[in-house]
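Peer 1: Take a look at this one; I'll ask things after.
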Amino acid sequence: NSVSISKDQKIIIAGGDDRMTHIFSWSEALGTYELAQSIKEKSNINSVSLSKDKCTIANGLNSGNLTIHKYSPQTKSFEMFQELEGHTDKIMSVSMSSKQGEMIVTGSFDGSLRIWRSKESLIKNTLASTQENLTFFSAPK
């Protein structure tokens, strides 16, 4: 359902109806992408976003929850950092505005945009839409 690629094109994140986030990394030796890790979610994944520093993944789920995974240098893998609740319908779009993914914006079928502060595990702001379904939002570059 959704893909995200790092600016240097070394990492691709993909998520979908199989409830899996697949992380692919570029292999110089093979000259292709290899599956590095798969993460199972509790709900279908509608949108994925990768932070600019490639250390944070945010997933917008059918359940309306936002999951955040952080890269651990110790395990050399992404691990669940937090799951945030706030939308009343499925999240259709996720975007991160800062290098470390500290501010995340989600768009949902509930007609709202939510601006999250992941470090504080809270919703910073909610923007309502007059439209029935709000599906796309992108953070400024």
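The values are calculated or read from the model by the stated rules, or taken from the named source; none is laboratory data. Predicted model only: the values in this text are computed from it and were never measured. Quick reminder, even Gly has a Cβ in these numbers, built from the backbone with ideal geometry, and neighbours come from all protein chains shown. For accessibility, only protein heavy atoms count, side chains too; no ligands or nucleic acids. Shrake-Rupley method; radii C 1.70, N 1.55, O 1.52, S 1.80 Å.
Peer 1: Identify the residue in the stretch 70-93 that is more than 18 Å from SER112 (Cβ to Cβ) and acidic (Asp, Glu) and, among all such residues, is modelled with the lowest pLDDT.
Peer 2: So the residue we want is GLU83.
Peer 1: Separate question: If you check THR21, THR75, which single one turns out to be outside any strand (DSSP E or B), of a type in the set (S, T, N, Q) and out of contact with any Leu (no Cβ under 6 Å at 6 or more places or on another chain)?
Peer 2: One residue alone meets the criteria, THR75.
Peer 1: Same structure again: Those residues that are among the acidic types (Asp, Glu), touching a strand residue (DSSP E or B) at 6+ places or on another chain (Cβ under 7 Å) and either more than 12 Å from HIS22 (Cβ to Cβ) or open to solvent by less than 20 Å² (accessible area, probe 1.4 Å) (or both), I need them from the stretch 33-90; list them, please.
Peer 2: Those that are among the acidic types (Asp, Glu), touching a strand residue (DSSP E or B) at 6+ places or on another chain (Cβ under 7 Å) and either more than 12 Å from HIS22 (Cβ to Cβ) or open to solvent by less than 20 Å² (accessible area, probe 1.4 Å) (or both): GLU41, GLU79, GLU83, ASP89.
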